[in-house]
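Okay, structure first, notes after.
The values are calculated or read from the model by the stated rules, or taken from the named source; none is laboratory data. Here the structure is a predicted model, which is why all the values come from computation and not from measurement. With ideal geometry, Cβ positions are generated from the backbone for all residues, glycine too; neighbour counts draw on all protein chains shown.
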Amino acid sequence: DAAAAALEASLARGEIAVRFQPVVSLRDRRPILVEALARWHLPDAPVRPDAFVALAERAGLARKLSIAVASRAGAELARLAPGFPALGLSLNLPLALLLQPDLVAWLGRAMAGTGFGPGRLFLELTETTEVRDRRLLLRALQRLNAAGYRVLLDDLALGDGREGLLALPFAGFKLDRSLVERLPREAAVRHAVRRLIGLARRRGQMVIAEGVGELGHWSLLRGLGLDSAQGFGIGRPLPASALPTWLAGWR
Ligand code: G
Ligand code: G
Ligand code: MN
Ligand code: NA
């Protein structure tokens, strides 16, 4: 259809831009990584990421989109050095791509020459659709772990049926903004989150709070045992060129 053709043309012309949102340590404030967030701006208006990511998946362009985002993110961050710290880079990947047996090969090619090898990359499993075959996901995680990647379960909420996935060898998870927002006012949510974090700790998994809008909640998050945090209160998604200024202000 027309939308798919427009996206394919934009991909071919290198028109998919990337913004970077920092994740910082709740212990020592140090920036740990930046998450790459794709942006598509048509002449009249921006297209919402969730809309064009879904379009890409429907149109068989998901892999092309991921390669475009990954290679552009790597190239733009590489251009910031020297003087910019060796932060990690986090990429969002839907389940269908994470399961691809040749993911390690094509992602490696996309990042070649950028300085972002597996040891500096985090992969966020964004998919909210059901994982039908856990063994396939387990095998994919084993392949990625063996290659040195760290895979995070993105947007984990309570009662969404995905908690059980944490028994798989994920490096950690991101606590969904909907939960993080409720923590200050709801003891039951704090209790449930503490339990999740306890489980993660025992498995050596890291836990990132998403959607932290106010720095006032820092000590609450830290007290719950969260490792790190991301959100508009820390840093908005920024173009690569704005990261050094953000970093200088953050310190
Ligand atoms: O800023 P924000 O509106 O970017 O992101 C909206 C949604 O789009 C989020 O769920 C995010 O994970 C997803 N998203 C952003 N960039 C990418 C990308 O490059 N690939 C995939 N699969 N999802 C992305
Ligand atoms: O699903 P994923 O977590 O990858 O999506 C990230 C999305 O969340 C992006 O759209 C990003 O712009 C948005 N986001 C990040 N931090 C905040 C925040 O503090 N508040 C709000 N409302 N959105 C945020
Ligand atoms: Mn994400
Ligand atoms: Na997320």
Here the residues within segment 26-69 that are over 14 Å from the mean Cα position of the chain (by Cα), of a type outside the set (A, V, I, L, M, F, W, C) and within 26 Å of Ala248 (Cβ to Cβ) are Arg27, Asp28, Arg29, Arg30, Pro31, Arg39
Exercise. Might you check whether a residue that is charged (D, E, K, R), within 16 Å of ligand 2 (Cβ to nearest atom) and closer than 24 Å to Glu57 by Cα occurs anywhere in segment 123-131?
Key: yes
The residue from Asp160, Asp155 that alone is over 17 Å from the mean Cα position of the chain (by Cα), within 16 Å of ligand 2 (Cβ to nearest atom) and not polar (S, T, N, Q) is Asp160
By residue number, the members of segment 41-65 that are more than 13 Å from ligand 2 (Cβ to nearest atom) and either surrounded by 21 or more Cβ atoms within 10 Å (Cβ to Cβ) or under 19 Å from Leu238 (Cβ atoms) (or both) are His41, Ala56, Leu65
Filtering segment 144-166 down to residues that are in a helix (DSSP H, G or I), surrounded by fewer than 17 Cβ atoms within 10 Å (Cβ to Cβ) and modelled with pLDDT of 95 or more yields Asn145, Ala146
Quick count over segment 90-102, residues being under 16 Å from Gly60 (Cβ atoms) and either buried (at least 20 other Cβ atoms within 10 Å of the Cβ) or within 16 Å of ligand 2 (Cβ to nearest atom) (or both), is 4
* To do: For Gly113, indicate whether it is farther than 20 Å from Leu7 by Cβ and either within 16 Å of ligand 2 (Cβ to nearest atom) or in contact (Cβ under 8 Å) with a residue 40 or more places away in the chain (or both).
  => no
Exercise for the section: Within segment 217-230, identify whether any single residue is of a type in the set (S, T, N, Q), without any contact (Cβ under 8 Å) to a residue 60 or more places away in the chain, closer than 25 Å to Arg39 by Cβ and within 16 Å of ligand 3 (Cβ to nearest atom), and answer yes or no. Expected result: no
